[in-house]
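Have a look at the structure below before the remarks.
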Amino acid sequence: MKRIAFNLMAWTIVLVTAFPLIWMVITSVKPQFELFRIPPTFWPEEITFEHYRRLLWETPFLLFMRNSLILSFSTTVLVVGVATLGAHSLVRFRYPGRERLAQLVLFTYLLPSVVLILPLYLMMVWLGVANSLLSLVIAYTSFALPYALWLLRSFMQGIPDDLESAALVDGATRMEAFFDVILPQALPGIISTSLFTFILSWNEYLYALVLVNTDSARPLTTGVMSMLVSSFNIEWSLLMAASVMMSVPLIIIFAVLQKYLTRGFGAGGVKG
Amino acid sequence: MLGVMLIAPCVLIFCAVIVYPLVSAVYLSLFNIFTPTLKGNFVGFQNYADLFAGEEFWRSLFNTLVWTVCTLFLQVVLGVAAALMLHQAIVFRALARSLILFPYFVSTVVAVLVWRWLFNDLYGILNHLMMWSGLLQMPLDWLGSMPNAMVSIVLVGAWKYFPFVVIAILARLQTIPDQLYEAATIDGAGAWARFTDVTLPQLKDVLMVVVLLRAIWDFKEFDLIYLMTGGGPLISTQTLPLMVYKEAFGLDAMGRATAVAVAMMAVMLVFMVLYLRRMGKEEAR
């Protein structure tokens, strides 16, 4: 009896927390006229995918999506590639300034983007790359690199030293040991770091707002918000459909790759 | 030598996109720069003098503190409670966890759009539910008036970020040895006593870290507040990051904007140093 009551209570709380997201999905499949019913209907009386059709074919949504995909993939590949080498160096090599460097990484991981953004804006204008996806990739490394480096460092600290030593005794060079021994061991960590970096870039808003003001280079975050501002009367069902579509990659990651996410929680997202 | 070569790309990128902008921000804050032309002249510490003499900076700092303290408090209370709940055996626990964690991973843009629709004064479900249950007589203007606007962003902030606390606490709960609870039960401790005497002391360290991290991140939050209220009504919910943006791109005063950013950074440095110290201690262990 007590068990059932506890389960009921727990699930009520879970559903209340998830309600805004459930409501988003429900709103996105309601016909426009049903939104303005008073009192509102909970279950749609009629399910329609009209908003999704319009979103995909009559708005620049697909263009924004393409931009977001290119942007997040490039940022992730660049950042995780560079950070894997860097983390390996921070964990396995000894040289002066190594500890300081690790501290600096943690410090930069906490830096507010509003401090960096104005100089970065000037830099992009000066380099002549303002208003392009390239400028965003460069700017995104400023928060993604410290993050990835910190996360990968904690993953790699978990790989026993003996593995590399054994390979070295067998006559491998340090680079061979890195590719043959460390990389396979670090792979799960690299995958979850990539996932987190991808999500971080996918959701970024401030840099995109400041650095890009043409549709051709706008990612989803600022793109969808511009659809809210530019329409005269706000079409909530269209915006909810856009929100659902925007969350699809997250849902996929959650459903398929969850074990990598939980691994990431343990390693570095929060240490304690 | 190889070690230095491997870290070199990281260091180079760091210098280009973090160290240089950081130094440059301090430098720019000594100039008076017109944003559209990016032309300016040296004014020394005039930007800072103006800032500290005016009311807007202090008001924004005050708003930032109110927002940070309130939303952080809710995040921690809700986060610990939810973690304790999800630590128990409930049906479909994996699904329940995913649903609780989802708000943290969803884009702020999505969260804001959904909540603005929920808060909508005419057709929003929230006003309707509250009137239906008798909590409200009249529809409430959630975002356009004070103190409602501050309360609204604090609530949405708590909803969006409490899963972070859940993740951290849940991970720690799983490592508390069962024997501690068994011993306490034998000593006659009830459920509440077990919580205060066993669970809380065990959680103390991780809670410290979580509070510091979240304090830093809430303090610098831009997206959520900017998209929910834009700092309004007037400047009632304008926090320091929003003020930076407004000075730079609304009022075209790039120099003053960087001065605000640098001043904000100085306040944050306190938390950042505390956090770094803490992490330093843990690394040493």
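Within the stretch B:203-212, count every residue that is surrounded by fewer than 16 Cβ atoms within 10 Å (Cβ to Cβ) and either in contact with a helix residue (DSSP H, G or I) (Cβ under 7 Å, 6 or more places away or on another chain) or more than 14 Å from chain A (Cβ to nearest Cβ) (or both).
Taking the stretch B:203-212 first, the residues surrounded by fewer than 16 Cβ atoms within 10 Å (Cβ to Cβ) are B:204-205, B:208.
Adding the requirement that they be either in contact with a helix residue (DSSP H, G or I) (Cβ under 7 Å, 6 or more places away or on another chain) or more than 14 Å from chain A (Cβ to nearest Cβ) (or both) leaves B:208.
Final tally of qualifying residues: 1.
Tell me the residue from A:VAL229, A:VAL224 that is more than 24 Å from the chain's Cα centre (by Cα), of a type in the set (A, V, I, L, M), in the same structural domain as A:LEU118 (by TED's automatic domain parsing) and more than 14 Å from A:GLY81 (Cα to Cα), please. Lay out the reasoning, then the answer.
Working: A:VAL224 fails: more than 24 Å from the chain's Cα centre (by Cα).
None of the other options fit; the residue is A:VAL229.
Of B:LEU276, B:LEU224, B:LEU242, which residue is surrounded by fewer than 22 Cβ atoms within 10 Å (Cβ to Cβ) and either more than 7 Å from every other protein chain (Cβ to nearest Cβ) or more than 29 Å from B:LEU143 (Cβ to Cβ) (or both)? Even if it seems obvious, please write down each step before you answer.
Numbers: B:LEU224 fails: surrounded by fewer than 22 Cβ atoms within 10 Å (Cβ to Cβ); B:LEU242 fails: surrounded by fewer than 22 Cβ atoms within 10 Å (Cβ to Cβ).
Of the residues listed, the single one that is surrounded by fewer than 22 Cβ atoms within 10 Å (Cβ to Cβ) and either more than 7 Å from every other protein chain (Cβ to nearest Cβ) or more than 29 Å from B:LEU143 (Cβ to Cβ) (or both) is B:LEU276.
Go through the stretch B:96-111 and count every residue that is more than 7 Å from chain A (Cβ to nearest Cβ) and more than 13 Å from B:ALA158 (Cα to Cα).
Of the residues in that region, 1 qualify.
Determine if the stretch A:25-39 includes at least one residue that is within 7 Å of chain B (Cβ to nearest Cβ) and either within 17 Å of B:LEU101 (Cα to Cα) or of a type in the set (Lys, Arg) (or both). Explain how you work it out, then say what you get.
Let us first name the residues in the stretch A:25-39 that are within 7 Å of chain B (Cβ to nearest Cβ), namely A:27, A:35-36, A:39.
Remaining after also requiring either within 17 Å of B:LEU101 (Cα to Cα) or of a type in the set (Lys, Arg) (or both): none.
Checking the stretch A:25-39: not a single residue is within 7 Å of chain B (Cβ to nearest Cβ) and either within 17 Å of B:LEU101 (Cα to Cα) or of a type in the set (Lys, Arg) (or both).
For B:LEU155, state whether it is touching a residue at least 40 places away in the same chain (Cβ under 8 Å), more than 7 Å from every other protein chain (Cβ to nearest Cβ), closer than 20 Å to B:GLN75 by Cβ and open to solvent by 50 Å² or more (accessible area, probe 1.4 Å). Walk me through how you get there before you give the answer.
Values: touching a residue at least 40 places away in the same chain (Cβ under 8 Å): yes; more than 7 Å from every other protein chain (Cβ to nearest Cβ): yes; closer than 20 Å to B:GLN75 by Cβ: yes; open to solvent by 50 Å² or more (accessible area, probe 1.4 Å): yes.
For B:LEU155, the condition - touching a residue at least 40 places away in the same chain (Cβ under 8 Å), more than 7 Å from every other protein chain (Cβ to nearest Cβ), closer than 20 Å to B:GLN75 by Cβ and open to solvent by 50 Å² or more (accessible area, probe 1.4 Å) - is met.
What are the residues in the stretch A:40-55 that are modelled with pLDDT of 90 or more and open to solvent by less than 70 Å² (accessible area, probe 1.4 Å), if any?
Applying the first criterion (modelled with pLDDT of 90 or more) to the stretch A:40-55 yields A:52-53.
A:TYR52, the sole residue that qualifies.
When you go through B:ALA259, B:ALA248 one by one, which is the residue that is open to solvent by less than 20 Å² (accessible area, probe 1.4 Å), more than 10 Å from chain A (Cβ to nearest Cβ) and out of contact with any His (no Cβ under 7 Å at 6 or more places or on another chain)?
Working: B:ALA248 fails: more than 10 Å from chain A (Cβ to nearest Cβ).
So the residue among B:ALA259, B:ALA248 that is open to solvent by less than 20 Å² (accessible area, probe 1.4 Å), more than 10 Å from chain A (Cβ to nearest Cβ) and out of contact with any His (no Cβ under 7 Å at 6 or more places or on another chain) is B:ALA259.
Could you give every pair whose Cβ atoms fall below 8 Å, whose first residue belongs to the stretch A:2-18 and is at the interface with another protein chain (Cβ under 8 Å from one of its Cβ atoms) and closer than 16 Å to B:GLY79 by Cβ, and whose second residue is crowded, with 16+ Cβ neighbours inside 10 Å and of a type in the set (Gly, Ala, Ser), counting only separations of at least 6 or pairs across chains?
Final answer for the pair search is A:ALA10/B:ALA96; A:ILE13/B:ALA82; A:VAL14/B:ALA96; A:THR17/B:ALA82.
I'm trying to understand the selection: among the residues of the stretch B:172-194, which are touching a residue at least 12 places away in the same chain (Cβ under 8 Å) and part of a helix (DSSP H, G or I)? Quick ask: steps written out before the conclusion?
So in the stretch B:172-194, the residues touching a residue at least 12 places away in the same chain (Cβ under 8 Å) come out as B:172-174, B:176, B:180-181, B:184, B:194.
B:ARG172, B:LEU173, B:LEU180, B:TYR181, B:ALA184, B:ARG194, listed by residue number.
Yes/no matrix, rows are residues, columns are (1) touching a residue at least 24 places away in the same chain (Cβ under 8 Å); (2) within 8 Å of chain A (Cβ to nearest Cβ); (3) open to solvent by less than 50 Å² (accessible area, probe 1.4 Å); (4) of a type in the set (Phe, Trp, Tyr):
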site: B:LEU2; (1), (2), (3), (4): no, yes, no, no
site: B:VAL23; (1), (2), (3), (4): no, no, no, no
site: B:LEU30; (1), (2), (3), (4): yes, no, yes, no
site: B:PHE34; (1), (2), (3), (4): yes, no, no, yes
site: B:ASN41; (1), (2), (3), (4): no, no, no, no
site: B:THR68; (1), (2), (3), (4): yes, no, yes, no
site: B:GLN75; (1), (2), (3), (4): yes, no, yes, no
site: B:LEU78; (1), (2), (3), (4): yes, no, no, no
site: B:ALA83; (1), (2), (3), (4): yes, no, yes, no
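Please work out which one of (1) open to solvent by 20 Å² or more (accessible area, probe 1.4 Å); (2) in the same structural domain as A:SER216 (by TED's automatic domain parsing); (3) in contact with a helix residue (DSSP H, G or I) (Cβ under 8 Å, 6 or more places away or on another chain) is the condition A:VAL79 fails and give its number.
(1)
Considering every residue within the stretch B:9-17, establish whether at least one is more than 7 Å from chain A (Cβ to nearest Cβ), closer than 25 Å to B:TYR226 by Cα and open to solvent by less than 10 Å² (accessible area, probe 1.4 Å).
no
Inspect the stretch B:122-140 for any residue being within 22 Å of A:GLU204 (Cα to Cα), in a helix (DSSP H, G or I) and hydrophobic (A, V, I, L, M, F, W, C) and give the result as yes or no. Steps first, please.
Initial filter on the stretch B:122-140 (within 22 Å of A:GLU204 (Cα to Cα)): none.
Looking for residues that are within 22 Å of A:GLU204 (Cα to Cα), in a helix (DSSP H, G or I) and hydrophobic (A, V, I, L, M, F, W, C), one finds none in the stretch B:122-140, hence no.
Enumerate the pairs (first residue in the stretch A:91-108 and more than 9 Å from every other protein chain (Cβ to nearest Cβ); second residue anywhere and in a helix (DSSP H, G or I) and buried (at least 18 other Cβ atoms within 10 Å of the Cβ)) with beta-carbon separation below 7 Å, excluding pairs fewer than 6 apart on the same chain, so at least 6 apart or on different chains.
A:VAL91/A:ARG153; A:VAL91/A:MET156
If you take the residues of the stretch A:40-69 that are in contact (Cβ under 8 Å) with a residue 40 or more places away in the chain and among the hydroxyl-bearing types (Ser, Thr, Tyr), which of them is farthest from B:LEU99 (Cα to Cα)?
Applying the filter and picking the extreme gives A:THR59.
Sort out which residues of the stretch A:149-163 are open to solvent by 10 Å² or more (accessible area, probe 1.4 Å) and more than 30 Å from A:THR221 (Cβ to Cβ), and write them in order of number.
A:GLN157, A:GLY158, A:ILE159, A:PRO160, A:ASP161, A:ASP162, A:LEU163
Select the helices (runs of 4 or more DSSP H) contained entirely in the stretch A:11-120, then report the ones holding at least 2 residues which are of a type in the set (Ser, Thr, Tyr).
Details: elements: A:32-35, A:50-58, A:61-92, A:98-110.
Ranges flagged: A:61-92, A:98-110.
Give the residues of the stretch B:114-152 that are open to solvent by less than 40 Å² (accessible area, probe 1.4 Å) and either closer than 20 Å to B:PHE73 by Cα or touching a His at 6+ places or on another chain (Cβ under 8 Å) (or both), sorted by residue number.
Answer for the stretch B:114-152, where residues must be open to solvent by less than 40 Å² (accessible area, probe 1.4 Å) and either closer than 20 Å to B:PHE73 by Cα or touching a His at 6+ places or on another chain (Cβ under 8 Å) (or both): B:ASN148, B:ALA149, B:MET150, B:SER152.
Restricting to helices (runs of 4 or more DSSP H) lying wholly in the stretch B:1-101: which have 1 or more residues that are modelled with pLDDT of 90 or more, under 28 Å from the mean Cα position of the chain (by Cα) and among the hydroxyl-bearing types (Ser, Thr, Tyr)?
On the way: elements: B:2-14, B:20-28, B:46-53, B:55-87.
Because the criterion is at least 1 residues that are modelled with pLDDT of 90 or more, under 28 Å from the mean Cα position of the chain (by Cα) and among the hydroxyl-bearing types (Ser, Thr, Tyr), the helices (runs of 4 or more DSSP H) in the stretch B:1-101 that meet it are B:20-28, B:46-53, B:55-87.
Scan the stretch A:114-122 and tell me whether some residue there is facing chain B (nearest Cβ under 9 Å), within 30 Å of A:ARG66 (Cβ to Cβ), over 21 Å from the mean Cα position of the chain (by Cα) and open to solvent by 20 Å² or more (accessible area, probe 1.4 Å).
So far as the stretch A:114-122 goes, yes, one or more of its residues are facing chain B (nearest Cβ under 9 Å), within 30 Å of A:ARG66 (Cβ to Cβ), over 21 Å from the mean Cα position of the chain (by Cα) and open to solvent by 20 Å² or more (accessible area, probe 1.4 Å).
The values are calculated or read from the model by the stated rules, or taken from the named source; none is laboratory data. These numbers come from a predicted model, not from an experiment. In this analysis, Cβ positions are derived from the backbone assuming ideal geometry, glycine residues included, and neighbour counts consider all displayed protein chains. We work out accessible area using only protein heavy atoms, side chains counted, and drop any ligands, DNA or RNA first. Shrake-Rupley method; radii C 1.70, N 1.55, O 1.52, S 1.80 Å.
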